[in-house]
1. Which of the residues that make up the range 153-184 are among the β-branched types (Val, Ile, Thr) and in contact (Cβ under 8 Å) with a residue 40 or more places away in the chain?
2. Kindly list the number of the only condition in (1) within 13 Å of the ligand (Cβ to nearest atom); (2) over 21 Å from Leu140 (Cα atoms) that fails for Asp60.
3. Condition first: buried (at least 17 other Cβ atoms within 10 Å of the Cβ), in contact with a Ser or Thr (Cβ under 9 Å, 6 or more places away or on another chain) and either among the hydrophobic types (A, V, I, L, M, F, W, C) or over 26 Å from Val31 (Cβ atoms) (or both). Now tell me which residues in the range 58-95 satisfy that.
4. Residues that are in a loop (DSSP other than H, G, I, E, B), away from the ligand (no atom under 13 Å from the Cβ) and within 30 Å of Asn6 (Cβ to Cβ): does the range 99-116 have at least one?
5. Restricting the search to the range 185-208, which residues are modelled with pLDDT under 90 and over 22 Å from the mean Cα position of the chain (by Cα)?
6. Could you check how many residues of the range 26-56 are more than 16 Å from the ligand (Cβ to nearest atom) and part of a helix (DSSP H, G or I)?
7. Do you know which residues across the range 183-208 are among the aliphatic types (A, V, I, L, M) and more than 10 Å from the ligand (Cβ to nearest atom)?
8. Every residue in the range 217-232 that is among the aliphatic types (A, V, I, L, M), more than 20 Å from the chain's Cα centre (by Cα) and closer than 24 Å to Leu18 by Cβ, please.
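The values are calculated or read from the model by the stated rules, or taken from the named source; none is laboratory data. These figures come from a predicted structure and were not determined experimentally. We place every Cβ from the backbone using ideal geometry, glycine too, and count neighbours over all the protein chains shown.
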Amino acid sequence: VLKGKNAVITGSTSGIGLGMARALADSGANVMINGLGDAGEIEATRAAIENDFGITALYDGANMLDGEEITAMITRAESELGSVDILINNAGIQFVSAIDEFPADKWEAIISINLVSNFYAIKAALPGMKERNWGRIINLASAHGLVASPFKSAYVAAKHGVLGLTKSVALEIAESPITCNAICPGYVRTPLVDGQIKDQAKVHNMSEEQVIRDIILAAQPSKRFVEVEELGQLAVFLCTEAAQSFNGASLPMEGGWTAR
Ligand code: NAD
């Protein structure tokens, strides 16, 4: 369904972003992946997408802390793939700490990577979408864009910000066939969550098993992790014509977390 479309997915060398890149590629889109990591492993990841799905897969190493690098990544995708029809702002980091002990540099990095990077990527990609009169922007927020948890002030603030940004952009493009939506996942077992399990175990002085049962999935009534593949399918759906009327939406996929 996405044959001929070109997508940029930030933070797609692992976890949800990689799952979304593979889902879009499986639907026929060419993809530019992005993210940090070992150069050899990233090249293997890129080549696997190309081989598995028979599309073009490029990699760009833009650091989501740097607006100029983000802008250059979009420009490069436009020239080497031909366009950016789909933009998925997915890169994100987490840090868990009481606010009075929260390191200021971590707080600012979370706001930059999880929120400000979305601004730079949208600003760079939107003119091309308007010119071609079609586009899909998907921002990865979180259940923490809708509700809060203690010890995650920077992340919760950034993700609430992502939902505000999503709504504002959606209104600006509402009369065009471009849409801008946010996905709000609950807990997905990715490297990011593995890190949190370790951090929470330290904060609460608990075993990792106890943290998974009593803290991580305590908020998620389904008592199971959301699967990366489920999120990939939702992203593909949002890119179809059938999803044209989803605009400015915050779509929870969190096993009932925010139904409480
Ligand atoms: P992950 O750690 O597996 O992947 C994060 C990706 O972002 C990686 O590719 C990493 O290299 C990249 N990245 C980090 N800092 C970067 C930087 N400065 N520049 C460029 N790339 C950078 O994380 P994930 O769990 O897949 O999370 C992806 C998104 O989904 C994030 O926005 C996260 O907040 C959100 N999310 C995750 C969960 C979850 O349970 N895992 C739940 C809700 C929302």
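1. Val162, Thr166, Val169, Ile173, Ile178, Thr179, Ile183
2. (2)
3. The answer is Ala62, Met64, Ile70, Met73, Ala77, Leu81, Leu87, Ile88, Ala91.
4. no
5. Across the range 185-208, the qualifying residue is only Gln200.
6. Number of matching residues: 6.
7. Ile197, Ala201, Val203, Met206
8. Answer for the range 217-232, where residues must be among the aliphatic types (A, V, I, L, M), more than 20 Å from the chain's Cα centre (by Cα) and closer than 24 Å to Leu18 by Cβ: just Leu217.
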